[in-house]
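Just below is one structure, and these are the notes that go with it.
The values are calculated or read from the model by the stated rules, or taken from the named source; none is laboratory data. Predicted, not measured: the structure shown is a model, and the values here were computed from it. All Cβ positions, glycine included, derive from the backbone under ideal geometry; neighbour counts span all protein chains shown. We work out accessible area using only protein heavy atoms, side chains counted, and drop any ligands, DNA or RNA first. Shrake-Rupley method; radii C 1.70, N 1.55, O 1.52, S 1.80 Å.
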Amino acid sequence: MIKRSLSAASKPDVICPEALEGKAGVTTRCTLTAADGSTLGVTVTVSAVGGDNVDLDIKADDTHTPAS
């Protein structure tokens, strides 16, 4: 299972609600929150696995949700 958090040292933060299994084709939905509080959905898909290396495809939604 991949349990590493997908977040940078500073904003934006990316939160995924579940661990992503390191198996090609497995997908999860995550939420990116920008410094201004707006959010954007992202789909994370395992594209390939080789030993300890896992390649991810990350696709952001076309529209964001403005900050409240």
- Query: What are the pairs, 6+ residues apart or on separate chains, where a residue within segment 1-27 that is within 19 Å of A48 (Cα to Cα) and open to solvent by 50 Å² or more (accessible area, probe 1.4 Å) has its Cβ under 9 Å from a residue that is in a loop (DSSP other than H, G, I, E, B) and modelled with pLDDT of 85 or more?
  - Reply: M1/A19; M1/E21; M1/G22; K3/A19; S5/C16; L6/C16
- Got at least one residue in segment 46-66 being modelled with pLDDT under 95, surrounded by fewer than 13 Cβ atoms within 10 Å (Cβ to Cβ) and either among the β-branched types (V, I, T) or touching a helix residue (DSSP H, G or I) at 6+ places or on another chain (Cβ under 7 Å) (or both)? yes
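For segment 11-31, give me each residue that is part of a loop (DSSP other than H, G, I, E, B) and more than 8 Å from the chain's Cα centre (by Cα).
If the condition is that a residue be part of a loop (DSSP other than H, G, I, E, B) and more than 8 Å from the chain's Cα centre (by Cα), then K11, P12, P17, E18, A19, E21, G22, K23, A24, G25, V26 are the ones that fit.
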- Query: Going by the structure shown, is V42 part of a strand (DSSP E or B), at pLDDT 90 or above, open to solvent by less than 40 Å² (accessible area, probe 1.4 Å) and over 14 Å from D61 (Cβ atoms)?
  - Reply: no
